[in-house]
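One structure is given here, and the rest of the page talks about it.
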Amino acid sequence: MTDLLEPRAMGQSLVRRDGEAKVRGTATYAYETPVPAPAYAHPVQATVARGRVTGMDTAAAETMDGVLVVLTPFTAERLASTEDWEYAVLQTDEVAFRGQLVGVVVAETSEVARQAADTVRVTYDEQSHDAVLSADRDDLYAPEQVNAGHPTDTAEGDVAAAMATAEVRLEQTYETAMYHNNPLEPHATTALWDAAGDGFLTLWDSTQGVHPARAAVSEVFGLDEEQVRVVCPYVGGGFGSKGTPHANLVLVTLAARALPGRAVKLALTRQQMFSLAGYRTPTIQQVHLAADRTGRLRAIAIDVVEQTSRVKEFAEQTGVPTRMMYAAPNRRTTHRLAALDVPIPSWMRAPGECPGMFGPEVALDELAETLGMDPVQLRIVNEPEVDPDSGKPWSSRHLVECLREGAERFGWDSRGPGRRREGHWFVGYGVASSVYPTMRQATSTATVRFEDGRYVAEIGAADLGTGAWTVLPQIAADALGVDVGDVDVRIGDTRYPTASVAGGSSGTNTWGSAVVQAAREFRGKFGNDPRDGDEATGNVDQAAMDEDHAAYAFGAQFVEARVHADTGEIRVPRLSGVFAAGRIINPRTARSQFIGGMTMGLSMALHENSVWDPRMGQVANHDLAEYHIAVNADVGDVQAHWLDEHDPYVNVMGSKGIGEIGITGTAAAVVNAVHHATGVRVRSLPVTLDKVLPGLP
Amino acid sequence: MDAEISLTVDGARHRLTVDTRTTVLDTLRERLGNTSPKKGCDHGQCGACTVLLDGERTLACLALAVAHDGAELITADGLAAEGELHPVQQAFLEQDAYQCGYCTPGQICSAVGMLQEIDRGWPSHVTEDLTAEPELSHDEVAERMSGNLCRCAAYANIVPAVQQAGGRRS
């Protein structure tokens, strides 16, 4: 049990500190860093899905006016480490996926760089590629572990026996699509080596973690970390795709080393992002449920098949939420991967939980229908007393309260059992649960200094729209016992103390804990009357870490769907969520996090789908005109509420993470609402009118 | 091929030589150092580059600079030229109608242009009566702001922000 910090600044609905710069457009993103006489880089990409580069004719590019540098796998410098295939840029003639980087042109202007890159002629020894994900493949394999260090498979009891003897059983296969993060700011960097090209490197990079990015680049280029500075005060969205660096960062660093002393800028085009900046693997989820007539689960199991690239493994932890959401004596989860000639999958908002809360949450709705039971009630009767996975008690779990309050706020009781029609529209309600683990990273350090009569906290944290610029001062103010107006925070630069990645909804938990430690060290050393320049440091590893409880945030989402009786058009006029996510430090920014996640979940349900062309080995709809994300007119009334929960075990703020939970469960709630409206059960995302239309009465 | 043009940007006049392939967006960002308008797609698909060009909301990435010799451009930064935020900008702060901030200058220029269009009585796809004065309803604002993508999905805050600013503007 932790002594919770007295909330004074925490809980205030403050306007973002970076707000004025953002509404004026003067907040400086990576590519925009003002530097004298920058040069511009444009990549050359492979146009085959598998093979070897046999030659590159760069003559036209090299003789073009304004071209400064052309690099190919045959001319680029050898990197110190090529252990990570993704970062071994221009180090091999092997092509592992279409769109892979095979060259770069640097020129005086972006127009010339692009034109010159287009003139580079690449010849290949093309090999046949294999890029079809299927659960029937005979080469599926079990990875050693899945993401976040989770075991690949888990089993308890005997699922098969429970299924065979169950009063009610359900076995269905569900599919989520391939998704691309598509932050509005592309992956972009301004890179500058010192004049000698070997002493010091500065990267203004769009990243969710300046220190993790520095560590990766230092290793690849064989530099001491002190030789590299990474700066990123603002991130134009990331959603995981900027959580670890991608090949573009290595490419621009190589390009800039060829022009020492001159800054080189590289922003991926939107089209290039579809093969170079990561994506969420499509998943195939076979879900098994066995229950008695009262709805109590006797067995719950999920067998997941998904893809990774042949050259770098990424194992989405899709089965993980099934391990802990509901009680059942017999349980099983498995993950199998197909290693394909495809771009490298990576992190996307709520990896694991986002796809993994689709299949099971739709399956529960199907089970409720079979039982003739309210789907809210079905979830309530399967509430586990302790974490079924670890056996530990919950640090706090208020899923039932979220379901009950959510149902009341939404008007769930007005939901009849059957189809309802209003004019040309069928109307239905759906529900699903949400969950996200509460994570704290192992390393993060903060300093607190007294400077010109103000308190300054420094930590290399990132704000990708999450609110760190605003929330960290609130935490620091309460830890120091001063007004939030007397606190400045500096983030987004490796010159500040080491911070962990903004990922896993762990930022505020981790960095906030370090800031509180620093503040307490500061007060312990200097009391309440410090002198100018007094400074203290705190580490997250000094903060109490509870190992005895299972810590998760929970939620419930309710959806009203309307399906047009003639066209099958699907609209979602209402989306309402109630969350139990610990203390909310800034209600204004927190609400945006919740509704943003929920709306991205709505987008996943209805629109998003990277249409894979297996013959070409590429995404066919690789731009924002054809990869549809929810636009303003697709979004109706979106409400996020939260319970007054202060978790006493997770940290001194009493807070959990809120950046990702909003996207979990949403797509299932939409599918369930569409089924309630129409009687059509869609088990493969996205829910589009062509899937609904044949089943309409 | 290069061409000499003049542009007025946020009240300041510039004479400059541009590659005839250069867009208004790249002219602003890479030649004049005005990075208020953002590049999200370079294909007119996301709206992040929206500026006011001769008073109308325009996608700067789809306009070639050489075709707009003499034009007057206002970016989101220019809307607050006197140091005081435009009512649309103030409403965005109060409604938290943004997160990462990358689409925000485009959203704001688009909202300013859109409110003028409503003032002129221009109907939209969702306007029931094409001859009536359009209202600043949720559906009208959402429809008219749908050319501006927000991946953080602040839409549910953008609509009330535009309504708030629209209500105050006269």
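The values are calculated or read from the model by the stated rules, or taken from the named source; none is laboratory data. Keep in mind that what you see is a predicted model, and the values were worked out from it rather than measured. Ideal geometry is used to build each Cβ from the backbone, glycine not excepted, and the neighbour counts take in all protein chains shown.
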Yes or no: A:THR333 of a type outside the set (Lys, Arg), modelled with pLDDT of 95 or more and either surrounded by 24 or more Cβ atoms within 10 Å (Cβ to Cβ) or touching a Pro at 6+ places or on another chain (Cβ under 9 Å) (or both)? yes
Pick from the range B:21-51 the residues that are closer than 17 Å to A:ARG24 by Cβ and surrounded by fewer than 21 Cβ atoms within 10 Å (Cβ to Cβ): which of them is farthest from the other protein chains (Cβ to nearest Cβ)? B:LEU32
Kindly indicate the residue of the range A:162-179 that is of a type in the set (A, V, I, L, M) and either within 14 Å of chain B (Cβ to nearest Cβ) or in a loop (DSSP other than H, G, I, E, B) (or both) and also surrounded by the most Cβ atoms within 10 Å (Cβ to Cβ) among those meeting that condition. A:MET178
By residue number, the members of the range B:121-147 that are part of a loop (DSSP other than H, G, I, E, B) and at the interface with chain A (Cβ under 7 Å from one of its Cβ atoms) are B:MET145, B:SER146
Pairs returned, first residue in the range B:1-14 that is more than 14 Å from B:ALA81 (Cα to Cα), second residue that is acidic (Asp, Glu) and loosely packed, with under 15 Cβ neighbours inside 10 Å, beta-carbon separation under 9 angstrom, 6 or more apart or interchain, are B:ALA3/B:ASP69; B:GLU4/B:ASP69; B:ILE5/B:ASP69; B:SER6/B:ASP69; B:LEU7/B:ASP69
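Go through the range A:143-198 residue by residue and tally those that are among the aliphatic types (A, V, I, L, M) and within 30 Å of A:ALA27 (Cα to Cα).
Going residue by residue through the range A:143-198, those that are among the aliphatic types (A, V, I, L, M) are A:146, A:148, A:155, A:159-164, A:166, A:168, A:170, A:177-178, A:184, A:188, A:191-192, A:195-196.
Of the ones still in play, those that are also within 30 Å of A:ALA27 (Cα to Cα) are A:184, A:188, A:191-192, A:195.
Of the residues in that region, 5 qualify.
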Against the conditions (1) touching a Leu at 6+ places or on another chain (Cβ under 9 Å); (2) surrounded by fewer than 22 Cβ atoms within 10 Å (Cβ to Cβ), where does B:ALA153 fall short? Just the number, please. (2)
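Tell me whether the range A:604-625 contains one or more residues that are within 23 Å of A:ARG409 (Cα to Cα), within 14 Å of another protein chain (Cβ to nearest Cβ) and within 25 Å of the chain's Cα centre (by Cα). So that I can check it myself, show each step before the final result.
Let us first name the residues in the range A:604-625 that are within 23 Å of A:ARG409 (Cα to Cα), namely A:605.
Subset that is within 14 Å of another protein chain (Cβ to nearest Cβ): A:605.
Then keep just the ones that are within 25 Å of the chain's Cα centre (by Cα); that gives A:605.
The answer is yes, given that some residue of the range A:604-625 is within 23 Å of A:ARG409 (Cα to Cα), within 14 Å of another protein chain (Cβ to nearest Cβ) and within 25 Å of the chain's Cα centre (by Cα).
Hey, does the range A:125-141 have a residue that's touching a residue at least 24 places away in the same chain (Cβ under 8 Å), among the polar types (S, T, N, Q) and closer than 30 Å to A:ALA255 by Cα? Explain how you work it out, then say what you get.
Pass one, the range A:125-141, residues touching a residue at least 24 places away in the same chain (Cβ under 8 Å): A:125-135, A:137, A:139-141.
Applying the additional criterion that residues be among the polar types (S, T, N, Q) yields A:127-128, A:134.
If we keep only those that are closer than 30 Å to A:ALA255 by Cα too, we end up with A:127.
Taking every residue of the range A:125-141 in turn, at least one turns out to be touching a residue at least 24 places away in the same chain (Cβ under 8 Å), among the polar types (S, T, N, Q) and closer than 30 Å to A:ALA255 by Cα.
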Residues being more than 14 Å from the chain's Cα centre (by Cα), under 24 Å from B:SER146 (Cα atoms) and hydroxyl-bearing (Ser, Thr, Tyr): count how many of those fall in the range B:14-57. 1
Scan the range B:44-88 for residues that are of a type outside the set (D, E, K, R) and assigned to a strand (DSSP E or B) and jot them down. B:THR50, B:VAL51, B:LEU52, B:LEU53, B:THR58, B:LEU59, B:LEU64, B:LEU73, B:ILE74
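Any idea how many residues of the range B:53-87 are among the β-branched types (Val, Ile, Thr) and more than 14 Å from B:SER110 (Cβ to Cβ)?
Pass one, the range B:53-87, residues among the β-branched types (Val, Ile, Thr): B:58, B:66, B:74-75.
Within this subset, residues satisfying the condition of being more than 14 Å from B:SER110 (Cβ to Cβ) are B:66.
Residues flagged as among the β-branched types (Val, Ile, Thr) and more than 14 Å from B:SER110 (Cβ to Cβ) within the range B:53-87 amount to 1.
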Filtering the range A:248-305 down to residues that are charged (D, E, K, R) and either free of Cβ contacts under 8 Å to residues at least 24 places away in the same chain or surrounded by 23 or more Cβ atoms within 10 Å (Cβ to Cβ) (or both) yields A:LYS265, A:ARG270, A:ARG280
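Identify the residue in the range A:627-658 that is in a strand (DSSP E or B) and within 14 Å of another protein chain (Cβ to nearest Cβ) and, among all such residues, is nearest to A:LEU602 (Cα to Cα).
Step one: list which residues in the range A:627-658 are in a strand (DSSP E or B), which gives A:637-642, A:655.
Still in the running and within 14 Å of another protein chain (Cβ to nearest Cβ): A:637-641.
Values: A:ASP637: 12, A:VAL638: 10, A:GLN639: 13, A:ALA640: 14, A:HIS641: 17 Å.
My answer is A:VAL638.
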Need at least 1 residues that are within 13 Å of A:ALA247 (Cα to Cα) per element, so show me which strands (runs of 3 or more DSSP E) inside the range A:63-128 make the cut, counting only ones lying wholly within it. A:101-107
Select from the range A:180-196 the residues that are in a strand (DSSP E or B) and within 12 Å of chain B (Cβ to nearest Cβ) and write down the one among them that is nearest to the chain's Cα centre (by Cα). A:ALA188
For a quick check of your reading of the model, give me the residue pairs whose first member lies in the range A:457-479 and is away from chain B (no Cβ under 13 Å), whose second is of a type in the set (S, T, N, Q) and part of a loop (DSSP other than H, G, I, E, B), with beta-carbon atoms closer than 7 Å and at least 6 apart or on different chains. A:ILE459/A:SER444; A:GLY460/A:THR494; A:GLY460/A:THR498; A:GLN474/A:GLN12; A:GLN474/A:ASN586
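Quick one: is A:GLU219 part of a helix (DSSP H, G or I), surrounded by fewer than 18 Cβ atoms within 10 Å (Cβ to Cβ), of a type outside the set (A, V, I, L, M, F, W, C) and at negative phi? Spell out the reasoning first.
Working: part of a helix (DSSP H, G or I): yes; surrounded by fewer than 18 Cβ atoms within 10 Å (Cβ to Cβ): yes; of a type outside the set (A, V, I, L, M, F, W, C): yes; at negative phi: yes.
When the stated conditions are applied, A:GLU219 passes them.
Can you name the residue in the range B:70-115 that is under 13 Å from B:GLN163 (Cα atoms) and among the aliphatic types (A, V, I, L, M) and is also farthest from the other protein chains (Cβ to nearest Cβ) among such residues? Break it down stepwise before answering.
From the range B:70-115, those under 13 Å from B:GLN163 (Cα atoms) are B:87-92, B:94-95, B:97, B:108, B:111-112, B:114-115; that's our starting set.
Subset that is among the aliphatic types (A, V, I, L, M): B:88, B:91, B:97, B:108, B:111-112, B:114-115.
Working: B:VAL88: 8, B:ALA91: 9, B:ALA97: 9, B:ILE108: 6, B:ALA111: 11, B:VAL112: 12, B:MET114: 11, B:LEU115: 15 Å.
Among them, the one singled out is B:LEU115.
Just checking, which of A:ALA59, A:ALA41, A:ALA49, A:ALA30 is without any contact (Cβ under 8 Å) to a residue 24 or more places away in the chain and under 30 Å from A:GLU94 (Cβ atoms)?
Details: A:ALA41 fails: without any contact (Cβ under 8 Å) to a residue 24 or more places away in the chain; A:ALA49 fails: without any contact (Cβ under 8 Å) to a residue 24 or more places away in the chain; A:ALA30 fails: without any contact (Cβ under 8 Å) to a residue 24 or more places away in the chain.
Exactly one of A:ALA59, A:ALA41, A:ALA49, A:ALA30 is without any contact (Cβ under 8 Å) to a residue 24 or more places away in the chain and under 30 Å from A:GLU94 (Cβ atoms), namely A:ALA59.
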Determine, yes or no, whether B:ARG151 is at the interface with another protein chain (Cβ under 10 Å from one of its Cβ atoms), under 15 Å from the mean Cα position of the chain (by Cα) and among the charged types (D, E, K, R). no
In the set B:ILE118, B:ILE158, which member is more than 12 Å from chain A (Cβ to nearest Cβ), of a type in the set (A, V, I, L, M) and part of a helix (DSSP H, G or I)? B:ILE118
Which of the residues spanning the range A:27-65 are within 14 Å of chain B (Cβ to nearest Cβ), over 26 Å from the mean Cα position of the chain (by Cα) and buried (at least 17 other Cβ atoms within 10 Å of the Cβ)? A:PRO38, A:ALA39, A:TYR40, A:ALA41, A:HIS42
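Yes/no matrix, rows are residues, columns are (1) more than 24 Å from the chain's Cα centre (by Cα); (2) outside the structural domain of A:ARG397 (by TED's automatic domain parsing); (3) touching a residue at least 60 places away in the same chain (Cβ under 8 Å):
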residue	(1), (2), (3)
A:ASN528	yes, yes, no
A:THR537	yes, yes, yes
A:ARG571	yes, no, yes
A:THR589	no, no, yes
Selection count, the range A:563-598, where residues are surrounded by fewer than 24 Cβ atoms within 10 Å (Cβ to Cβ), within 20 Å of B:ASP96 (Cβ to Cβ) and more than 11 Å from chain B (Cβ to nearest Cβ): 2
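Anything in the range A:98-116 that is of a type in the set (A, V, I, L, M, F, W, C) and within 14 Å of another protein chain (Cβ to nearest Cβ)? List them, or say none. Break it down into steps so the answer makes sense when it comes.
Applying the first criterion (of a type in the set (A, V, I, L, M, F, W, C)) to the range A:98-116 yields A:101-102, A:104-107, A:112-113, A:116.
Once the filter is applied, which keeps residues that are of a type in the set (A, V, I, L, M, F, W, C) and within 14 Å of another protein chain (Cβ to nearest Cβ), the range A:98-116 yields A:ALA107, A:VAL112, A:ALA113, A:ALA116.
Quick test for you: out of A:ALA350, A:ALA368, pick the one residue that is out of contact with any strand residue (DSSP E or B) (no Cβ under 9 Å at 6 or more places or on another chain) and either assigned to a helix (DSSP H, G or I) or within 21 Å of A:VAL559 (Cα to Cα) (or both). Working first, answer last.
Working: A:ALA350 fails: out of contact with any strand residue (DSSP E or B) (no Cβ under 9 Å at 6 or more places or on another chain).
So the residue among A:ALA350, A:ALA368 that is out of contact with any strand residue (DSSP E or B) (no Cβ under 9 Å at 6 or more places or on another chain) and either assigned to a helix (DSSP H, G or I) or within 21 Å of A:VAL559 (Cα to Cα) (or both) is A:ALA368.
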